[in-house]
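Shown next, in structure tokens, is the structure this report addresses.
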Amino acid sequence: MKLRTVGITGIGAHVPEQILSNADLEQRHHVSDQWIRRRTGVVERRICTREQATSDLAVPAARQALAAAGLRPEEVQFIITATMTPDHLWPSAGSTIQGRLGAVNAGACDLNAACSGFVYALAVGTQLVRSGLYDNVLVIGADVISKFVDWTDPKTYLFGDGAGAVVLQPIADREEGLIDFMLGSDGSRGDILQLPAGGSRRPSSHETLDQGLHRPVMDGYDTFEFAATAVMDSIEKVLARTSYSIEDVDLIVPHQANQRLFRPVAKWLGISVDKFFVNIERYGNTVAASVPIGLYEAVHRKRLKKGDLVVLTAFGAGLTWAGAVLRWTYSPNDGHEILHP
Amino acid sequence: MSDVFVRFRQMVAAVRGIDEDRITPESRLVEDLEADSIDIVELMLDAEREFGINIEKQEAQSLRTVGEIVSFIEARLAEQSTSS
């Protein structure tokens with residue numbers, strides 16, 4: 001059986017309208033804009049309203065990706081949603097989104113690899129098309145982390161809400177498309193990034209609420225050390241699986257975890273920091289949505305054009321990390337607006 | 001001045017964006033050179049790569065001055081050369 005070449009043929013992104021700026025945080029908490037910028041690079045982030053949930057962001061992003069690929073919802077055969085903040089613990093966000101899109105012929109599920117989730121889902125979705133099982137797969141990265149963090153904890157000023165989606169389809173072999181992936185995990189260190197309660201280990205109760213166990217645990221030193229090491233590892237390992245080297249790469253679209261990560265990694269890789277696409281200043285760290293939002297903006301801001309060699313790198317709770325190498329195959333038609341000019 | 005000090009001072013100057021002249025063995029990373037917690041992780045990872053050693057978080061967090069870090073690196077290098 002011949003394996004098919006797979007490409008991204010449509011992309012969409014959506015963030016909430018509501019902006020939470022550093023100036024807003026300055027007013028509410030004892031923290032300065034300068035402090036947040038220096039430690040994270042974030043200037044503002046988008047935050048859902050009390051009523052909004054993950055599927056509310058994912059559905060418009062998915063519709064946009066489908067329109068860009070010229071697909072009707074009923075033509076979609078599978079939907080994978082990378083998220084760690086689904087609307088409900090169950091059913092999956094994937095099924096919720098499938099229902100709301102009217103993708104009546106699609107299977108749907110979630111994939112939770114935290115901030116690495118989109119790249120993991122891209123790897124899985126690619127294989128479904130590569131194998132010939134499906135022709136039209138929708139891969140979504142969407143998270144509403146704002147509902148799970150404690151806004152009085154300065155470590156959470158990093159975060160924001162958002163969604164991004166891509167359509168995967170078979171393409172001509174010469175276009176290369178999604179070339180290779182690396183997926184990593186180290187569950188033995190899972191405790192450095194964790195939401196302690198609300199799962200089957202410690203279900204929600206008055207006690208878990210009183211003990212503050214529904215707020216993320218994040219050790220700053222360990223997390224930064226892991227992130228820097230994971231970016232290096234994912235980029236080096238995924239390139240080693242291909243015939244390309246770092247010099248061939250036109251753009252790296254990383255998970256937007258913290259602006260401060262990119263300078264040291266660029267130094268260690270021996271490349272210019274400008275090779276990293278960065279938009280954390282406007283959206284913060286949007287968990288599984290950050291890579292597809294980054295891709296969307298890179299394309300629409302003309303940092304990424306058809307034929308460019310792109311590396312994706314992501315890392316997060318699990319611990320998990322992931323890398324992808326792809327030849328970019330999509331150029332937007334007129335009429336697709338950039339997210340927020 | 002030891003070779004390790006010269007090399008580590010270069011790293012500190014690059015990470016903090018300051019002149020090497022400002023950095024002495026007595027300089028405290030946080031209080032004198034205004035390094036924040038992320039600068040310190042970056043410096044420790046730089047040192048691990050540059051010198052081929054491993055520095056644990058607890059060790060990193062117990063070292064305050066440039067001289068203390070340099071001595072720590074030198075001791076680790078000496079341990080490695082005797083054990084290999």
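The test for being among the β-branched types (Val, Ile, Thr), surrounded by 23 or more Cβ atoms within 10 Å (Cβ to Cβ) and not assigned by TED's automatic domain parsing to the domain that holds A:Val31 holds for A:Val231. Assess whether A:Ala108 counts as being part of a loop (DSSP other than H, G, I, E, B) and without any contact (Cβ under 8 Å) to a residue 40 or more places away in the chain. Answer is no for this residue.
Taken over region A:130-180, the criterion of being within 22 Å of the chain's Cα centre (by Cα) and small (Gly, Ala, Ser) is satisfied by A:Gly141, A:Ala142, A:Ser146, A:Gly160, A:Gly162, A:Ala163, A:Gly164, A:Ala165, A:Gly177. When region A:36-77 is filtered for residues that are touching a strand residue (DSSP E or B) at 6+ places or on another chain (Cβ under 9 Å), in a loop (DSSP other than H, G, I, E, B) and open to solvent by 10 Å² or more (accessible area, probe 1.4 Å), the ones remaining, listed by number, are A:Val43, A:Ile47, A:Gly70, A:Leu71, A:Gln77. Residue-level analysis places A:Val325 outside the set of residues that are of a type outside the set (Lys, Arg), assigned to a loop (DSSP other than H, G, I, E, B) and at pLDDT 95 or above.
Among the residues of region A:248-267, those identified as free of Cβ contacts under 8 Å to residues at least 12 places away in the same chain and facing chain B (nearest Cβ under 10 Å) are A:Arg263, A:Lys267.
Residues in region B:37-51 that are more than 9 Å from chain A (Cβ to nearest Cβ) and either aromatic (Phe, Trp, Tyr) or under 9 Å from B:Val15 (Cβ atoms) (or both): B:Leu43, B:Phe51. The number of residues in region A:1-35 being surrounded by fewer than 20 Cβ atoms within 10 Å (Cβ to Cβ), hydrophobic (A, V, I, L, M, F, W, C) and either over 21 Å from A:Ala142 (Cβ atoms) or not assigned by TED's automatic domain parsing to the domain that holds A:Asp153 (or both) comes to 5. Residue check: B:Asp3 meets all listed conditions (1) among the acidic types (Asp, Glu); (2) loosely packed, with under 13 Cβ neighbours inside 10 Å; (3) within 28 Å of A:Arg38 (Cβ to Cβ) but one, namely (3).
Counting just the residues of region B:12-34 that are in contact with a Lys or Arg (Cβ under 6 Å, 6 or more places away or on another chain) and open to solvent by less than 20 Å² (accessible area, probe 1.4 Å), which one comes out farthest from the other protein chains (Cβ to nearest Cβ)? Before the answer, list the steps.
Initially, region B:12-34 is screened for residues in contact with a Lys or Arg (Cβ under 6 Å, 6 or more places away or on another chain), giving B:20, B:23, B:28, B:33.
Subset that is open to solvent by less than 20 Å² (accessible area, probe 1.4 Å): B:23, B:33.
Values: B:Ile23: 18, B:Leu33: 15 Å.
Here the residue is B:Ile23.
Looking at A:Glu297, is it open to solvent by less than 10 Å² (accessible area, probe 1.4 Å), of a type in the set (D, E, K, R) and part of a helix (DSSP H, G or I)? Here the answer is yes, as A:Glu297 does meet what is asked. Taking each residue of region A:204-215 that is in the same structural domain as A:His88 (by TED's automatic domain parsing) and closer than 17 Å to A:Gln194 by Cβ and looking for partners that are open to solvent by less than 80 Å² (accessible area, probe 1.4 Å) and not in a loop (DSSP other than H, G, I, E, B) with beta-carbon atoms closer than 6 Å, six or more apart or interchain, yields nothing.
Is region A:195-215 home to any residue that is within 14 Å of chain B (Cβ to nearest Cβ), touching an Asp or Glu at 6+ places or on another chain (Cβ under 9 Å) and not β-branched (Val, Ile, Thr)? If you could, list the steps in order and put the result at the bottom.
Of the residues in region A:195-215, the ones within 14 Å of chain B (Cβ to nearest Cβ) are none.
Looking for residues that are within 14 Å of chain B (Cβ to nearest Cβ), touching an Asp or Glu at 6+ places or on another chain (Cβ under 9 Å) and not β-branched (Val, Ile, Thr), one finds none in region A:195-215, hence no.
If the condition is being at pLDDT below 95, open to solvent by less than 50 Å² (accessible area, probe 1.4 Å) and assigned to a helix (DSSP H, G or I), then region B:60-71 contributes only B:Ala60.
When B:Val41 is tested against (1) over 10 Å from the mean Cα position of the chain (by Cα); (2) free of Cβ contacts under 8 Å to residues at least 12 places away in the same chain; (3) surrounded by 19 or more Cβ atoms within 10 Å (Cβ to Cβ), exactly one condition is not met: (2).
Across region B:1-11, the number of residues qualifying as over 12 Å from B:Ile69 (Cβ atoms), more than 14 Å from chain A (Cβ to nearest Cβ) and part of a helix (DSSP H, G or I) comes to 2. Candidates in region A:217-227 are the residues that are in contact (Cβ under 8 Å) with a residue 40 or more places away in the chain and assigned to a helix (DSSP H, G or I); of these, the one that is nearest to A:Val253 (Cα to Cα) is A:Ala227. Residue selection: A:Asp87 fails the criterion of being open to solvent by 40 Å² or more (accessible area, probe 1.4 Å) and in a helix (DSSP H, G or I).
The values are calculated or read from the model by the stated rules, or taken from the named source; none is laboratory data. This is a predicted model, so every value here is computed, not measured. Note that each Cβ is placed from the backbone with ideal geometry, even for glycine, and that neighbours are counted across all protein chains shown. Quick note on the areas: whole protein, heavy atoms, side chains included, nothing else; ligands and nucleic acids left out. Shrake-Rupley method; radii C 1.70, N 1.55, O 1.52, S 1.80 Å.
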